[in-house]
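The block underneath contains the structure these notes are about, expressed in structure tokens.
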């Protein structure tokens with residue numbers, strides 16, 4: 001992965017080795033990184049009720065120590 005400001009580029013390398021073929025492919029995907037405050041603004045703007053969790057145990061998100069950012073959004 002490479003980072004440039006708020007853009008993360010993910011490179012996926014596929015190596016193909018069969019009896020008939022040897023090959024190598026590279027695919028790139030760019031993802032814009034959005035942090036907590038921006039997600040909250042977006043969710044409010046599109047009028048979704050959201051719960052934001054910090055892990056798969058559904059503990060609420062904490063900016064200081066959550067390792068994940070999980071959003072469950074529903075229409076109002």
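Taking a ≥ b ≥ c as the square roots of the Cα gyration tensor eigenvalues, segment 34-76 comes out oblate, since a/c reaches at least 1.5 and a/b does not exceed b/c.
Computed over segment 1-50, relative contact order equals 30 percent, with contacts defined as Cα pairs under 8 Å that lie 6+ residues apart.
The share of alpha-carbon pairs in the chain lying farther apart than 20 Å comes to 55%.
Axis of helix 36-45 versus longest Cα principal axis of the chain: the two differ by about 70°, to the nearest ten degrees.
Just so you know, all these numbers are worked out from the coordinates, no wet-lab data involved. Just so it is clear, the model here is predicted, and its values are computed rather than measured.
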